[in-house]
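Below is one structure; the comments refer to it alone.
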Amino acid sequence: YGGFVNSNIRSDVVKRISEELKIPNIDETLWADDVSNMPLVKIREPSVEEAVSLYNFETLDTVFVNSSKVFIKAQGEPEVLAKLAKKVGRECKFYGLIYDMKYFREKKTLNISIEGPYGVFGKPTKYGSRLSTLTGKIISTLKTLDKWVVYSKTHFRRNIFNIRVLSDKLVPELKIPENIKPQLIFDSEVEKKIYYTLKAIGLNVVREPEPIALGDLLYIPDFKVEKGGVEFLVEIVGFWRKEYVEKKMFKLAEVARLKGNIVVLADEKLEPFLSKLKIPVIYYSLRQGRPVLPYRRILEIMSK
């Protein structure tokens with residue numbers, strides 16, 4: 001049959017093969033390697049400590065995943081506080097989070113706040129999984145300090161709670177899985193599809209790179225793309241209200257003035273509003289929810 005048969009003769013063919021191979025219910029056998037059909041087997045008996053540790057981790061993870069901000073207050077020797085500050089800074093950069101630190105020398109105290117990028121529209125908890133992973137990675141350092149406490153700004157339904165999650169007096173038995181990776185979170189399906197297409201055409205893509213200071217504002221591009229040592233910022237402009245587009249135009253104009261290497265990918269419906277921008281704008285159309293645009297144009301702009 002060449003591997004394929006018409007649907008109208010499939011049952012007869014399957015029956016014939018089943019009889020020749022003497023395998024009953026061959027249809028079930030054909031689907032046996034599907035993940036949903038794999039048997040769940042206990043590899044080993046977990047210890048009480050392992051079960052408690054993983055339960056505690058899942059509990060804390062639930063709190064942080066539903067949070068928009070984490071506050072840390074730590075007190076101890078300057079060398080250990082410096083180690084904590086360095087670790088938080090490194091992890092925040094890796095996970096695309098923003099932090100603010102204040103050190104009070106006389107009290108040997110370090111205050112840290114960590115959250116997702118400013119000005120990003122969407123759910124306030126969209127960076128919760130990253131906050132959870134980061135907090136898990138710094139617990140071992142916190143335990144070496146004299147005094148410390150971790151609070152979360154947690155959202156539940158329409159309410160906001162400030163929860164004291166961990167402290168030097170509240171350290172549960174905890175095992176942090178080492179293979180946790182943050183999930184890629186996108187503001188929209190358009191942004192998601194553009195991201196994967198940019199990677200497919202050979203560009204190195206960094207999502208939400210380091211913020212750019214615009215006076216008292218911070219601007220965080222959607223992507224930074226790089227190829228052959230040439231870097232460009234990429235901003236995706238969806239179909240928003242006129243008032244918001246005007247604010248966005250101001251920010252983009254300021255970024256272009258400071259950086260120059262920026263390209264805008266915009267919904268074609270916004271062309272009347274963006275035509276005055278003195279930076280490259282590539283318009284996309286939506287077909288069945290997919291953005292269609294000339295990606296080669298981005299490569300041409302980067303090669304100039």
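When every residue of the range 48-61 is checked against the conditions, none turns out to be over 32 Å from the mean Cα position of the chain (by Cα), of a type outside the set (D, E, K, R) and in a loop (DSSP other than H, G, I, E, B). Being more than 31 Å from the chain's Cα centre (by Cα), among the β-branched types (V, I, T) and either at pLDDT below 90 or buried (at least 16 other Cβ atoms within 10 Å of the Cβ) (or both) holds for only one residue in I23, I72, and it is I23. Just one of L233, L265, L270 is more than 26 Å from K93 (Cα to Cα), surrounded by 15 or more Cβ atoms within 10 Å (Cβ to Cβ) and at pLDDT 80 or above; which is it? Only one candidate passes the filter, namely L270.
Among residues of the range 249-266 that are assigned by TED's automatic domain parsing to the domain that holds L299, those with a beta-carbon under 6 Å from a residue that is assigned to a helix (DSSP H, G or I) at least six positions away or on a different chain give the pairs I262/V255; I262/A256; V263/I301; A266/L274.
Screening T144, T133 for residues that are among the polar types (S, T, N, Q), at pLDDT 85 or above, in contact with a helix residue (DSSP H, G or I) (Cβ under 6 Å, 6 or more places away or on another chain) and not in a strand (DSSP E or B) leaves exactly one candidate, T144. The one condition from (1) outside any loop (DSSP other than H, G, I, E, B); (2) charged (D, E, K, R); (3) surrounded by fewer than 16 Cβ atoms within 10 Å (Cβ to Cβ) that R44 does not meet is (1).
Of the residues making up the range 159-198, those that are modelled with pLDDT of 85 or more, farther than 30 Å from Q75 by Cβ and not acidic (D, E) number 9.
Is it fair to say K126 is out of contact with any strand residue (DSSP E or B) (no Cβ under 8 Å at 6 or more places or on another chain) and of a type in the set (K, R)? So K126 fits the description; yes.
If the condition is being surrounded by fewer than 19 Cβ atoms within 10 Å (Cβ to Cβ) and either at pLDDT below 90 or touching an Asp or Glu at 6+ places or on another chain (Cβ under 7 Å) (or both), then the range 147-158 contributes K147, F156, R157, R158.
The values are calculated or read from the model by the stated rules, or taken from the named source; none is laboratory data. What you see is a predicted model, and the numbers here were worked out from it, not measured in a lab. Quick reminder, even Gly has a Cβ in these numbers, built from the backbone with ideal geometry, and neighbours come from all protein chains shown.
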